[in-house]
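Everything below concerns the one structure shown next.
The values are calculated or read from the model by the stated rules, or taken from the named source; none is laboratory data. From a predicted model like this one, the values you see are computed outputs, not experimental measurements. No Cβ is skipped: glycine too gets one built from the backbone with ideal geometry, and neighbour counts run over all protein chains shown. These accessible areas exclude ligands, DNA and RNA; they are computed on the full protein's heavy atoms, side chains included. Shrake-Rupley method; radii C 1.70, N 1.55, O 1.52, S 1.80 Å.
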Amino acid sequence: MEQRHLGRTGLRVSRIGLGTLTWGRDTDEHDAADQLKAFWEAGGTLVDTADVYGGGEAEYLLGQLVGGFVPREDLVIATKAGSVPDPDRRFDGSRGHLLAALDASLQRLGTDHVDLWQVHAYDVGTPLEETLQALDLAVTSGRARYAGVSNFCGWQLAKAATWQLAAPGTRTRLASTQMEYSLLQRGVEREVLPAALDLGVGLLPSSPLGRGVLTGKYRKATPADSRGASEHMAPFVEPYLDEVSGRVVDAVSIAADGLAATALQVALAWVRDRPGVVAPIVGARNAQQLVAALSVETLTLPDEICRALDDVSAPVHRYPDQDWSTL
């Protein structure tokens with residue numbers, strides 16, 4: 001699998017990442033082992049997790065598999081911290097919480113360092129410079145090799161990345177930002193992606209298949225074994241089952257038929273090769289689904305197909321996103 005630099009850093013990662021959101025909850029140790037082995041055998045390196053996935057079970061399960069199934073040195077392990085199970089405070093970006101969470105993650109993962117450590121979301125209750133200092137401490141102490149953020153809007157990302165480049169002292173450049181991005185969710189193109197491109201921050205798209213909807217499996221009905229049919233995941237999928245999304249899914253399916261490919265491959269290839277994108281993070285229920293996603297490595301969409309998909313899924317970008325003189 002092709003490797004790409006993560007932002008303006010020396011870290012190289014596979015251009016498809018393996019997501020572990022369901023590990024330890026919907027994905028058991030056997031399916032997780034099959035996925036990790038298939039991913040590694042395909043040349044994949046970037047494995048994305050978080051301290052809250054499965055209540056910590058995703059990290060623990062990954063830690064149990066690394067070394068036995070896949071050599072640790074062959075993987076780029078990325079995890080996140082900052083989300084907390086508190087209804088009154090969803091995110092805690094304080095230095096104390098983040099560093100304690102990192103230590104707990106390292107223990108569950110069974111490693112002395114992670115390759116990429118990300119702040120899971122912006123915490124309005126903590127000064128940004130304190131949150132960023134936790135990243136600096138993690139890197140200078142060797143517990144993390146690179147640092148990034150997740151779910152930061154445009155101005156938040158620009159402020160954080162600029163602070164790390166301009167503030168005095170030893171600062172850690174932001175390597176990445178992880179955001180939802182697909183043909184059904186192109187909101188990052190307004191401000192996040194331009195900021196990331198300008199500041200040398202690599203984009204790691206989550207839910208690149210529109211929460212599974214872009215595979216086309218929901219076109220006629222909701223499959224009984226799908227996420228959309230599960231009690232805890234149905235609200236996650238439902239927003240993309242509307243008429244507008246349906247038109248995009250139809251266009252993807254038509255393009256797939258013309259290319260003798262699958263809708264999954266077309267949707268994933270589109271987002272993988274967008275400017276600024278480093279590696280879409282793909283989550284699968286089993287190894288068979290993952291292998292189907294990894295087969296996208298051989299597909300590059302023709303320019304005319306990309307333009308057609310751009311047109312049918314284009315979000316409305318007006319003032320101030322466009323130059324006011326053109327309006």
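Here are some notes:
- When residues of the range 203-221 are limited to those that are open to solvent by 30 Å² or more (accessible area, probe 1.4 Å) and out of contact with any Asp or Glu (no Cβ under 9 Å at 6 or more places or on another chain), the one farthest from residue 22 (Cα to Cα): 220
- Unmet criterion (only one of (1) small (Gly, Ala, Ser); (2) over 24 Å from residue 161 (Cβ atoms); (3) in contact (Cβ under 8 Å) with a residue 24 or more places away in the chain) for residue 78: (2)
- Among the numbered conditions (1) under 20 Å from the mean Cα position of the chain (by Cα); (2) buried (at least 18 other Cβ atoms within 10 Å of the Cβ); (3) at pLDDT 95 or above, the only one that residue 200 does not meet is (2).
- Residue that is surrounded by the most Cβ atoms within 10 Å (Cβ to Cβ) [pool: residues in the range 275-306 that are under 24 Å from the mean Cα position of the chain (by Cα) and charged (D, E, K, R)]: 297
- Flag if residue 78 is over 24 Å from residue 297 (Cβ atoms), at pLDDT 95 or above and open to solvent by less than 20 Å² (accessible area, probe 1.4 Å): no
- Looking across the range 23-53, the residues that are open to solvent by 10 Å² or more (accessible area, probe 1.4 Å) and assigned to a loop (DSSP other than H, G, I, E, B) come down to 24, 25, 26, 28, 42, 43, 45, 51, 52.
- The range 60-75, subset assigned to a loop (DSSP other than H, G, I, E, B) and either out of contact with any Lys or Arg (no Cβ under 8 Å at 6 or more places or on another chain) or acidic (Asp, Glu) (or both), residue least open to solvent (accessible area, probe 1.4 Å): 75
- Residue in the range 41-57 that is over 20 Å from residue 180 (Cα atoms) and without any contact (Cβ under 8 Å) to a residue 12 or more places away in the chain present: yes
- Selection status of residue 274, without any contact (Cβ under 8 Å) to a residue 12 or more places away in the chain and of a type outside the set (Gly, Ala, Ser): no
- Within the range 258-274, not a single residue is among the basic types (Lys, Arg) and either surrounded by fewer than 13 Cβ atoms within 10 Å (Cβ to Cβ) or modelled with pLDDT under 95 (or both).
- Residue in the range 174-197 that is in contact with a helix residue (DSSP H, G or I) (Cβ under 7 Å, 6 or more places away or on another chain), buried (at least 18 other Cβ atoms within 10 Å of the Cβ) and within 20 Å of residue 126 (Cβ to Cβ) present: yes
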